[in-house]
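See structure below.
The values are calculated or read from the model by the stated rules, or taken from the named source; none is laboratory data. Since this is a predicted model, take the numbers as computed values, not measurements. Positions of Cβ are backbone-derived with ideal geometry, glycine not excepted, and every protein chain shown enters the neighbour counts.
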Amino acid sequence: MNNKRTMTPVLKEQIALCAAFPESVMFLDIETTGLSHYYDEITVVGWSMDGRTETLIRGDDNARLLEDARSAKVLVTFNGIRFDARFLRQEFPQISIPSVHIDLMYLCRRVGLTGGQKAIEQELDLNFRQELENVDGFAAVLLWHKYLRGDIEALSTLIRYNRADIAAMGAIFDRALERFFMQPDLFSTPINFLEWSAPAGWNSLPKGLKLASVELTHAPHFDDIFGHTPAKDARVVGIDLTGSEARPTGWCLLEGAHVKTTTISTDADIITATVCAGPDLVSIDSPLCLPEGRISVEDTDPGRDKFGIMRQSERELKRRGINVYPCLLPSMQKLTARGIRLAHIFREKGIPVIESYPGAAQDIMRIPRKGAGVEWLQIGLSDFGISGNYETEKVTHDELDAITSALVGTFHLAGLAEPLGTEAEPPLVIPKLNSETGSFVVGVSGPIAAGKTTFAEALAVKGFAYTRFSQAIDDMLTRDGLELNRTNRQKRGTEINESGRQRWLAEQTIKRVGGANLIVVDGLRFPEDHAFLVEHFGSKYLHIYIEAEEPIRRERYNARAGDGDFRDASASPVEGRINELRSLAHEVYMNHSTLNELQVHVDELIDNISGEVPCLFPS
């Protein structure tokens, strides 16, 4: 039985071009720090062309690569259309890649050869990898990290691995072509593409290999990134959550650059340890929300078919080349439900929570991911400047990922983060070194008649965009045709909180001032209000608690045109958790003073803020 395939007209033209100009066929392969074109980078580019084999090491002069690419008539790769070409264009914008690109992965599929390049080599009984049998993509990444840390032999192995990939391409090309019907006139002379992908000396190392330059070995460091920010001393709990209480969860407390890790199993113990740690923020490696339109994690959800199992943040990570599991895959459903449940408990206690993605942070910090092994995560975290028990004790992958999750929290508090999400889907937070300025927000809380509105309005006079929770409630009352008075506001506020919509109310309150540079939010009443503002503005959020002794507050309340009795207003359920905000505030101001003295305090506050973020204030 004859299993030969027929070429398409386009492929026939491409093969004829290769046959006519074999010296101008460029066999090329790259090595990278990972698979994401968005976060990772090229480490080595190798190519064979015109009877020679070349290697470009990151940091070297790229003139020869650009010249050969410009003169080549055909580019041959394996999976290069999706991978190599995209990286090359990103890192070398001036490169001119040949318009004819033969991707051997697709060519092989046409003739029944499937799988990755090494699998096809094994099927065809090709052997170009003597002493490289144990080197694969993961190992190639580690070889580069070893080289950056002074191991020149690791670079030699990486180059040999890269050249073996290139040499094998010619043999794969030849064997794939044998499975096609060939017209007698297609090749004017017999062509052996192996001779061009593996020319004489292809497996000899380039001369003059040297240790990595300072520019290559200078990885980001905790002090360099956070040393000038308030986040340098932040207390962040990192949680690498598992889907079941039967499996230990990685947990850590990161205080500045020092960390203590452990594993914890039950939700109750995770909550207790986290609350006792008194963190500024909790960062959890777990989905913390559902896709818009979904109301449960189960496949029986009525919105399953319409809204699917993936959030927009996950779609964006996929677009960036990051492998991420949809939050409602059957294997992810228990994890997602657990993460959402824990986040809700923490936020009700006023503890801010973000969803983190450790892999992106590890890329930014030039740390190999968990697939490389515990040792390399430990080395990478230590090189980044994190000290702690993980350096001397035996720890799990989960604990190390918890550290990375905590570091994502530090990035967030420093204003060095990118939120991936939508209005209906709270964000997944990704570190981002070149942050934008963003808004600076002052939140004001305190008991009735302590003077918080007077304080907030004084900031508004100085240029802060003013918003308050009761304004969002007023919008609802107006819509429902109800009178705008304290009784109705407190009743509606209680209804919103008890129905689990407090975060929604906070969102509506912030929306009223859009993207103003300077914002003052009046009337925080629940710990969850504080958590929401930390989650959204990080260290550019300042919480001030205004208080005064009760006799003074009663006198102020009775002196103004308020409605109802002071005692009744203070006893309203919506005021019941005001005292909890005091311990969450960054500053407590005892307002027993005159209006002039309060104004002096406002001026001092503005001076301090302008010193921290001068770009938000006109010169």
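Take the residues in the stretch 561-587 that are farther than 15 Å from residue 526 by Cα and free of Cβ contacts under 8 Å to residues at least 60 places away in the same chain, then tell me which one is surrounded by the fewest Cβ atoms within 10 Å (Cβ to Cβ).
Applying the filter and picking the extreme gives 561.
So for the stretch 557-572 (the condition being in the same structural domain as residue 491 (by TED's automatic domain parsing) and in contact with a strand residue (DSSP E or B) (Cβ under 8 Å, 6 or more places away or on another chain)), does at least one residue qualify?
no
Within the stretch 59-73, identify whether any single residue is in contact with a helix residue (DSSP H, G or I) (Cβ under 8 Å, 6 or more places away or on another chain) and within 26 Å of residue 366 (Cα to Cα), and answer yes or no.
yes
Before we move on, is residue 255 within 30 Å of residue 222 (Cα to Cα) and over 19 Å from the mean Cα position of the chain (by Cα)?
Against the criterion (within 30 Å of residue 222 (Cα to Cα) and over 19 Å from the mean Cα position of the chain (by Cα)), residue 255 qualifies.
Look through 15, 102, 95 and report the one residue that is of a type in the set (Val, Ile, Thr), under 30 Å from residue 368 (Cβ atoms) and not assigned by TED's automatic domain parsing to the domain that holds residue 319.
95
How many of the residues making up the stretch 105-124 are over 15 Å from residue 180 (Cα atoms) and either outside the structural domain of residue 173 (by TED's automatic domain parsing) or among the charged types (D, E, K, R) (or both)?
3
Only one of (1) part of a helix (DSSP H, G or I); (2) farther than 20 Å from residue 106 by Cα is not met by residue 59, so which one is it?
All conditions pass for residue 59, except number (1).
Name the residue, out of 424, 449, that is outside any helix (DSSP H, G or I) and assigned by TED's automatic domain parsing to the domain that holds residue 523.
Every option except 449 fails the conditions.
I'd like to check something: does the stretch 590-600 contain any residue that is surrounded by 17 or more Cβ atoms within 10 Å (Cβ to Cβ) and either in a loop (DSSP other than H, G, I, E, B) or not assigned by TED's automatic domain parsing to the domain that holds residue 522 (or both)?
Yes: one or more hits.
What is the number of the single condition among (1) touching a residue at least 24 places away in the same chain (Cβ under 8 Å); (2) surrounded by fewer than 17 Cβ atoms within 10 Å (Cβ to Cβ) that residue 153 does not meet?
The one condition residue 153 does not meet is (1).
Run residue 106 past the list (1) at pLDDT below 95; (2) within 18 Å of residue 197 (Cβ to Cβ); (3) surrounded by fewer than 20 Cβ atoms within 10 Å (Cβ to Cβ) and report the number of the one that doesn't hold.
In the conditions (1) at pLDDT below 95; (2) within 18 Å of residue 197 (Cβ to Cβ); (3) surrounded by fewer than 20 Cβ atoms within 10 Å (Cβ to Cβ), residue 106 misses (1) alone.
Report whether or not residue 415 is of a type outside the set (S, T, N, Q), over 19 Å from residue 259 (Cα atoms), modelled with pLDDT under 95 and assigned to a helix (DSSP H, G or I).
No.
Considering every residue within the stretch 353-376, establish whether at least one is within 24 Å of residue 512 (Cα to Cα), crowded, with 18+ Cβ neighbours inside 10 Å and modelled with pLDDT of 95 or more.
yes
Is there any pair linking a residue in the stretch 473-499 that is closer than 13 Å to residue 523 by Cβ to one that is polar (S, T, N, Q) and assigned to a loop (DSSP other than H, G, I, E, B), with Cβ under 6 Å and at least six apart or on different chains, and which?
The qualifying pairs are 490/572.
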